[in-house]
Amino acid sequence: MEISYHGHSIVKVKTGGKEILIDPYITDNDLTDLKADEQKPDVILLTHGHNDHVGDTIAIAKSCDALVVAPNELAVWLGWQGLNTHGMNIGGAKKFDFGTVKYTKAFHSSSYTTEDGQIIYTGMPAGILFTAEGKTIYHAGDTSLFGDMELIGKRNDIDVAFLPIGDNFTMGPEDAAYAVELLNPKLAVPVHFNTFPPIQQDPAAFTELVKHHESKIMEPGESLSL
Ligand code: NI
Ligand code: MN
């Protein structure tokens, strides 16, 4: 399995000949190395409806007929936009041909703002546990620190955890470092920072606070093999 980070909360996974793209916020993201019109994933996984996570999902999925897996209300609305979707909800897992997806709790909000300024309700925000080839990735989505991360850590052998550290809208470095203690991953990677002025953050402030686990700052475009 190959996992790469692409700025903000974008993570790409390549496994079994399939490409899975998580939260593809590419246009308007000055930190990403990706180009939206070059993306041809088999699957797009979404954590919640905010525009900095749904990003280019509609254009990408229409261009390559990717399956979009999302929290249920978001999946329904994206289906109305003509996409091939699969809705899930917190606590539910499903084994797909590209791996197993389980939606987990995230403590945040979730809506999508259309170009004409309407706010669409998109259900509950979530985190995602993705398992393939015996490896598990946890993408926390946008969230505060919450105690049930301990339960997620006890119930899952997490290889890589992608955790937001930007503060203001999500956990900051201190809370994210505490989350690592609860989740007990083999590796923790900071995401969701420096994209906008309110989430300016030195990711080293996070890695220096992570004392008992491995952590790594991944540059946009950097990949790991598991
Ligand atoms: Ni959000
Ligand atoms: Mn966000």
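The values are calculated or read from the model by the stated rules, or taken from the named source; none is laboratory data. Source: prediction; values computed, not measured. Here the Cβ is made from the backbone with ideal geometry for all residues, glycine too, and neighbour counts use every protein chain on show. All accessible areas refer to the heavy atoms of the entire protein, side chains included, with ligands and DNA or RNA removed. Shrake-Rupley method; radii C 1.70, N 1.55, O 1.52, S 1.80 Å.
Here are the numbers for this structure:
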{"read-out": "Some residue of the range 12-20 being closer than 16 Å to PRO125 by Cα and away from ligand 2 (no atom under 16 Å from the Cβ)", "value": "no"}
{"read-out": "Any hit, the range 118-134, residues being at pLDDT 95 or above, open to solvent by 50 Å² or more (accessible area, probe 1.4 Å), within 16 Å of ligand 2 (Cβ to nearest atom) and in contact with a strand residue (DSSP E or B) (Cβ under 7 Å, 6 or more places away or on another chain)", "value": "yes"}
{"read-out": "Matching entry among ILE90, ILE10 (being surrounded by fewer than 20 Cβ atoms within 10 Å (Cβ to Cβ), within 16 Å of ligand 1 (Cβ to nearest atom) and at pLDDT 95 or above)", "value": "ILE90"}
{"read-out": "Qualifying residue in the range 203-226 (condition: at pLDDT below 95, farther than 19 Å from ASP23 by Cβ and surrounded by 15 or more Cβ atoms within 10 Å (Cβ to Cβ))", "value": "yes"}
{"read-out": "Any chance THR143 is of a type outside the set (A, V, I, L, M) and open to solvent by 20 Å² or more (accessible area, probe 1.4 Å)", "value": "no"}
